[in-house]
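Below is one structure, written out as structure tokens; the observations come after it.
None of the figures in this text is laboratory data; all of them are computed from the coordinates on show. Since we're looking at a predicted model, the values are computed, not measured. In this analysis, Cβ positions are derived from the backbone assuming ideal geometry, glycine residues included, and neighbour counts consider all displayed protein chains.
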Amino acid sequence: MMDLYQAAALGDTKVILAAAEQGYDIEKPDTDGKTPLWFAVQHDQSDASRLLVTRGANVETRNFSILEVAVQRGHTDIVALLWPYCKAEKELRSLESAISLGFHEIADFLVRSGEFDYQHSQAYGTDLLTGNGFPKRDCAAFQEWESFIFARHEGQLHLNRLFFDYALLLSTKADHNAGLRLAKLLLKEPNPKADVNCGIKINGRFETPLTAAAEAGNLEILAALINCPTTNLSIRGKYNWPALLHFLVSPQSITTEKGRAIAQRLSVKTHDDDHLWFSTWETGSETGFKTGLEAAFQTVIQFGDDTLMKQVIELTKGATGISIVPLLIRANESSGLRWIVNRPNMHASEVPPIL
């Protein structure tokens with residue numbers, strides 16, 4: 001008999017039915033953990049999917065969402081077939097995928113279920129905060145979210161706030177301040193749809209609107225966020241960095257008067273214990289972490305503002321190694337230089353910086 005996984009992928013309902021009647025386990029996963037239903041859904045086989053479901057195939061799996069597979073394929077009929085067997089609290093990424101990939105008909109179907117509205121804000125979202133969160137998306141995803149929200153916001157789009165927070169984050173990352181209109185809508189007083197200080201997990205790392213806008217160098221969006229009365233200017237995002245450091249990584253960040261004014265606004269006073277700390281678990285990449293810091297140091301050195309130098313030095317003690325030495329020398333920071341020299345884990349084998 002034909003392999004059951006192959007039969008599901010080809011939509012051969014006769015083979016599937018014969019296997020079920022002969023007592024074969026139609027839920028048995030292959031070596032990659034994928035079930036016959038996964039193969040049927042992945043290959044857009046509606047009849048095979050329906051047969052497997054009616055024969056008791058489990059729609060909810062431990063390792064992945066079969067509904068999300070259907071959503072990513074844009075198969076409305078299969079989504080409608082699977083949805084009654086799904087738990088909405090485990091399918092937040094399915095709705096995100098439907099909107100981000102432009103399958104708005106599917107997104108509307110899911111939203112109409114009422115399972116993703118604001119009333120479930122406290123109950124849903126834990127998986128996205130404790131797991132890997134949302135996937136990293138490109139600018140096209142922002143455009144889809146902007147289109148989806150603006151086409152429906154007059155009719156009071158009732159969504160879990162987590163989705164509006166995610167849309168705000170995407171808007172702050174959009175190239176050339178393209179997300180400003182959406183950001184303003186989501187933060188419009190007196191009842192903003194999104195939390196300006198939200199933390200959204202992207203591929204396992206927390207990001208915030210302020211730090212994301214700073215990293216993207218979006219001055220107009222940064223100005224709007226800074227002027228929001230509830231914005232926490234010292235909030236930390238990716239790499240556990242504040243917005244100021246993300247902003248300074250780009251050498252063009254403070255070449256204009258507006259950029260320098262934003263840098264000054266972001267230069268909030270830090271607490272004594274508010275320094276960066278380096279952890280491979282937190283940053284995921286020691287190379288990216290240190291490369292970004294060195295770029296920020298170079299920007300500050302070129303700008304030559306003593307106050308800004310001292311602010312960056314205070315922020316980065318303990319996370320930089322000898323790469324901070326040029327900045328310490330330029331700022332005439334003798335105590336910081338002594339601290340670097342006396343560090344127990346500073347080795348002579350490390351290549352000294354070019355001064």
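Relative protection proxy for 37-44, 219-226, from highest mean packing down: 37-44, 219-226 (other beta-carbon atoms within 10 angstrom). Rounded, prolate or oblate: which one fits the stretch 1-44, using the alpha carbon gyration tensor with axes a ≥ b ≥ c (rounded when a/c is under 1.5, else prolate when a/b beats b/c, else oblate)? Oblate shape, in that a/c is at least 1.5 and b/c is the bigger or equal ratio. Once the chain from GLU21 to GLN298 is taken as fully extended at 0.36 nm per residue, the excess over their C-alpha distance is 92.7 nm. If a spin label sat at a point 7 angstrom from the Cα of ALA80 along the line to its beta carbon, the backbone N atoms of the stretch 40-56 nearer than 15 Å would be those of 46-47, 50. Between THR61 and ARG152, what is the FRET efficiency for a Förster distance of 22 Å, r being their Cβ-Cβ separation, to the nearest 0.05? Calculated value: 0.10.
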